[in-house]
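Any read-out appearing in this document is the output of simple, stated calculations on the displayed coordinates, not a laboratory observation. Small disclaimer: the values here were computed from a predicted structure and weren't measured. For neighbour counting, all protein chains shown are included, and Cβ atoms are generated from backbone atoms with ideal geometry for every residue, glycine included.
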Amino acid sequence: MEVWQLDHLQFAVPPTQMKAVLMTGIPADKLDATYGADDGEGRQVTIRSVIDDAAKAYASLYKKGLVKPTGSTLSAETQNDPDYLEFRAKMRWLYDAIGDTMDVSVSYPWSTYWYTGMTPQQVYDMAYQCDAYYGNPLKGQTWTKGKYTSPANYPSEAGNVSVGYKVGITVTPEMRELHSSLTRNGIDCYICSASPIDAIRAAVSYFKVPGVKDVLAMTNKVDANGRYLNQYDYDLHPQTQGVGKAETLAKILVPKYKGHGPSFTAMDSQGDFNFCTEFKDTKEVLVINRTRTDDAALCAGIAAYQKKHGIDLAAANKNGDSLFLIQGRNENKGEFWNDDKTLLLGQKDASYLSDKATKAETELEQGKTIAQVLKDNTKLKDKYQGYKTR
């Protein structure tokens, strides 16, 4: 959605506040951290300098009347405006630089601060428009790559930068079928996401995902006029990423179900690792294979081991374990397929398990328990509460 927001200059931040908004939550020592400009010259530039550049370009665009909270289709003239090219590239560069150099507790809420000054309805509408464009295969927009480059001769502190990005969103028929089946069988379905809450609600609506009882996702505070502030709402629940997802479920949902945790979970990355492995009541975990090298790889390796040995749901649960299932996908088409392997975006050959996943599978073969494999190999170390401990 960040690409859509940039492409349509859909913001409501007063220009005098943009610099402060972009600095929100970033530790002081990280502001002068450097990251590659990707300009072909190997230059490193600071986070601070790019924030300054983005804020200045934004002020110029705002003065020209090109920035609107409702967005607009930009004219060819605006799309070639040096201020526009500068702002777009520097903002998306910051998105990657902050995400790659800082803790997720900083980077995940940081991009939501772009909505400062907008109402929840305006963010929802923006997300819905984005889904209707990038999620519509009839328009040929699903699962592609793009690149932003700032103008070479633009007067700036950081100089020229380039940044690549991926676009596309898909809710596969199989996922809608899964939600429908669970709901028909009396199981309440929730979505817990590290994305902004309005973006998830818009996706549920646009893609007609059935049976979603509620959404728990990244949520910022609003001011007296109902407009978003650049402040995460910790009074509501923790950040819904990493251990915060498990903590949010424990705070919001477990009390509603008489102390019980989720019976079924689905994951695809590090941010899902805690809530998919820590709850005692979880019977089954669906692992969407992205050939990850983080802790999601451990769950993929467990799934591969269980499948190889013919361990089904009954056998896994009898042993006190969850059944881990692995599902591959074709990212070039944005669809699931009948294979555990995944064809990553832009690749020609499918991949299966990363080295970390293979290591987990090997250790299970050697006699370790799932709890031991997770504890010994998680990148979280002492911060991991442990397998089936909640």
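Side notes on the structure shown:
- Residue list for the stretch 283-293, filter: of a type outside the set (A, V, I, L, M, F, W, C) and crowded, with 22+ Cβ neighbours inside 10 Å: Asn289, Arg292
- Checking each residue in the stretch 310-324 for being of a type outside the set (Phe, Trp, Tyr) and buried (at least 17 other Cβ atoms within 10 Å of the Cβ) picks out Ile311, Ala316, Asp321, Ser322, Leu323.
- Enumeration of residues in the stretch 209-221 that are touching a residue at least 24 places away in the same chain (Cβ under 8 Å) and out of contact with any helix residue (DSSP H, G or I) (no Cβ under 7 Å at 6 or more places or on another chain): Lys213, Asp214
- Among the residues listed as Pro262, Pro210, Pro173, Pro196, the single one being under 18 Å from the mean Cα position of the chain (by Cα) and either surrounded by fewer than 19 Cβ atoms within 10 Å (Cβ to Cβ) or of a type outside the set (Lys, Arg) (or both): Pro196
- Filtering the stretch 359-372 for residues that are charged (D, E, K, R), surrounded by 17 or more Cβ atoms within 10 Å (Cβ to Cβ) and assigned to a loop (DSSP other than H, G, I, E, B) leaves an empty set.
- Only one entry of Tyr228, Tyr234 meets the criterion of being of a type in the set (Ser, Thr, Tyr) and buried (at least 18 other Cβ atoms within 10 Å of the Cβ), and that entry is Tyr228.
- Neighbours by Cβ (under 7 Å, 6+ apart or cross-chain): first from the stretch 92-106, under 15 Å from Val163 (Cα atoms); second among the acidic types (Asp, Glu): Arg92/Glu2; Tyr95/Glu2
- Matching residues in the stretch 78-120 - criterion: being out of contact with any Leu (no Cβ under 7 Å at 6 or more places or on another chain) and among the β-branched types (Val, Ile, Thr): Ile98, Thr101, Val104, Val106, Thr112, Thr119
- Selected residue [hydrophobic (A, V, I, L, M, F, W, C), under 21 Å from the mean Cα position of the chain (by Cα) and farther than 30 Å from Val243 by Cβ] from Leu94, Leu61, Leu6, Leu66: Leu6
- Residue match in the stretch 305-317 (condition: in contact with a Ser or Thr (Cβ under 9 Å, 6 or more places away or on another chain), on the phi < 0 side of the Ramachandran plot and acidic (Asp, Glu)): no
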